[in-house]
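Values quoted throughout were computed directly from the atomic coordinates according to the rules given, and no laboratory measurement underlies them. Computed from a predicted structure; not experimentally measured. Cβ sites come from the backbone with ideal geometry, for glycine too, and all protein chains shown count toward neighbours.
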Amino acid sequence: MPPVGAAVWLRGGIAIPKPLVKVDGRTLVGRALEEAAAAGAQRGAVITTPVFPEVAEYIKGNVWPLPIDLLVWDSPNSLESLLALKPYLYTPFLLLTVDAASIL
């Protein structure tokens with residue numbers, strides 16, 4: 001399995017950070033934020049790695065349907081990312097990820 005934060009390699013050798021991969025014209029991170037807002041979320045918190053600064057630039061450079069707290073941090077694993085987000089989490093909260101792989 002690729003490391004956390006790895007890019008997705010598409011045909012032609014183009015590397016795109018997974019949160020910025022588009023499905024049906026929407027980035028994975030954009031879709032997660034928009035759907036969370038549509039479901040009633042009042043605030044979002046996003047953590048991204050400094051390895052792909054374009055993800056933070058994308059978050060900062062767009063208008064979202066809810067306020068976003070952005071944390072750029074080089075976390076060694078997903079659990080550390082969740083712990084780093086603790087100051088931004090309010091009860092109740094919903095955890096969404098666009099950087100996970102599942103084997104069914």
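Worth a mention:
- Its Cα gyration tensor gives region 7-88 an equivalent ellipsoid; the semi-axes, largest first and in whole Å, are 21, 18, 11.
- Site pair Glu35 and Glu57 shows an inter-label distance of 2.7 nm when each label is modelled 7 Å from Cα along Cα→Cβ.
- By other beta-carbon atoms within 10 Å, ranking Asp74, Asp24, Asp69 with the fewest at the front produces Asp24, Asp74, Asp69.
- The amide H of Leu71, built 1.01 Å from its N in the peptide plane, has Val46, Ile47, Thr48 as neighbours under 5 Å, considering only residues 5 or more places off or on other chains.
- Between Leu89 and Trp64, the simple spin-label model (points 7 angstrom out along Cα→Cβ) gives 1.7 nm.
- The length gained on full extension between Arg43 and Ser78, counted as 0.36 nm times the residue separation minus their Cα-Cα distance, comes to 10.5 nm.
- Neighbour counting of Cβ atoms within 10 Å sorts the residues Thr27, Thr91, Thr49, Thr97, fewest neighbours leading, into Thr91, Thr97, Thr49, Thr27.
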